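Colleague: Provided herewith is a single structure, encoded as structure tokens, for subsequent inquiry.
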Amino acid sequence: MRILVIEGEPGLGDDLKKGLEASGHVLDTARDGVEGRLLATLDGYALILLDMTRPGIDGFAALQAIRRTSNVPVLVLTDRDKVEDRVSGLQQGADDYLVKPFSLAELLARVETLLSRGTRQASTVLRLADLALDPASRTCVRNRTRIDLTAKEFMLLALLLRHHGEILSRRTLGQQVWDAAFDNESNVVEVTIRRLRSKIDDAFDVKLLHTVRGSGYVLEDRS
């Protein structure tokens, strides 16, 4: 079982890694919320341990970002023990809540419980027409042709596929793929869309990625 640890306390990730790997789990560690959100989107993890005291991005914002693109179980680690904090975390998509300091035995028990439930929605290959994107293996294929994507291109395509048929504005794409503080004056969305279109559409007769003038972009099969 692969577990992603998004942690903020120096040494916490190392301690969790040792304890969980000794129990037979494989761990990846992200040192901030931005890296963690990217890994959560790209990889097929069985569980995410999210440290709410991390630097780089607000914990609740990170949880919301993960929930926009993934149904993987999330166990929140925090030093906030107020009832309202726990309720807020659960309402925003956390599956369980563990208050620091905690024992390794308690953590392992929570982890095993969440893993035994499985993901709310098994990792699924995203498809449209002859285009397929596999978040678990980070692969993209169209008409049996392998397509290499950058991390941002992959995130953008995954978002468009999950909402295929819906028009997504450049602001929505920017905030969800880059950052909540996305600069609306930046042309990074247009540039990435152009590169993505050249990879998934240019060599194929049927075009899937369309620009809706004045509104945004939509991924759909218009054939």
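Colleague: Give the stretch 126-167 a look and list any residue that's touching a Gly at 6+ places or on another chain (Cβ under 8 Å) and open to solvent by less than 20 Å² (accessible area, probe 1.4 Å), or say none.
Modeller: Scanning the stretch 126-167 gives a single hit, PRO135.
Colleague: Still on this model: Looking only at the stretch 1-35, count every residue that is modelled with pLDDT under 75 and under 12 Å from the mean Cα position of the chain (by Cα) and tell me the total.
Modeller: So the count comes out to 3.
Colleague: Moving on. What number of residues within the stretch 130-170 are over 23 Å from GLY214 (Cβ atoms), in contact with a Phe, Trp or Tyr (Cβ under 8 Å, 6 or more places away or on another chain) and among the hydrophobic types (A, V, I, L, M, F, W, C)?
Modeller: 2
Colleague: Exactly one condition in (1) of a type outside the set (Ser, Thr, Tyr); (2) open to solvent by 60 Å² or more (accessible area, probe 1.4 Å); (3) farther than 23 Å from ARG2 by Cβ is not met by GLU106; state its number.
Modeller: Condition (3) is where GLU106 drops out.
Colleague: Keeping to the stretch 195-216, report how many residues are closer than 15 Å to ILE167 by Cβ, touching a residue at least 24 places away in the same chain (Cβ under 8 Å) and surrounded by 12 or more Cβ atoms within 10 Å (Cβ to Cβ).
Modeller: Of the residues in that region, 3 qualify.
Colleague: Can ASP58 be described as of a type in the set (Asp, Glu), under 27 Å from GLN176 (Cβ atoms), buried (at least 17 other Cβ atoms within 10 Å of the Cβ) and modelled with pLDDT under 80?
Modeller: No; evaluated as a whole, the condition is false for this residue.
Colleague: Here's something else I'd like to know. Restricting attention to the stretch 80-102, report how many residues are assigned to a loop (DSSP other than H, G, I, E, B) and over 16 Å from ALA62 (Cβ atoms).
Modeller: Qualifying residue count for the region: 5.
Colleague: Give the number of residues within the stretch 183-194 that are surrounded by 15 or more Cβ atoms within 10 Å (Cβ to Cβ) and either of a type outside the set (A, V, I, L, M, F, W, C) or closer than 16 Å to ARG144 by Cα (or both).
Modeller: Matching residues across the stretch 183-194 total 1.
Colleague: Oh, and also: How many residues does the stretch 58-79 contain that are closer than 23 Å to GLU112 by Cα and among the basic types (Lys, Arg)?
Modeller: Number satisfying all stated conditions: 1.
Colleague: Residue check: is ARG110 at pLDDT 85 or above, in a strand (DSSP E or B) and among the charged types (D, E, K, R)?
Modeller: The answer is no for ARG110.
The values are calculated or read from the model by the stated rules, or taken from the named source; none is laboratory data. Please read all numbers here as calculations on a predicted model, not as lab measurements. Methodologically, a virtual Cβ is constructed for each residue, glycine included, from the backbone with ideal geometry; neighbour enumeration extends over all protein chains shown. Surface accessibility is based on the protein's heavy atoms, side chains included, excluding ligands, DNA and RNA. Shrake-Rupley method; radii C 1.70, N 1.55, O 1.52, S 1.80 Å.
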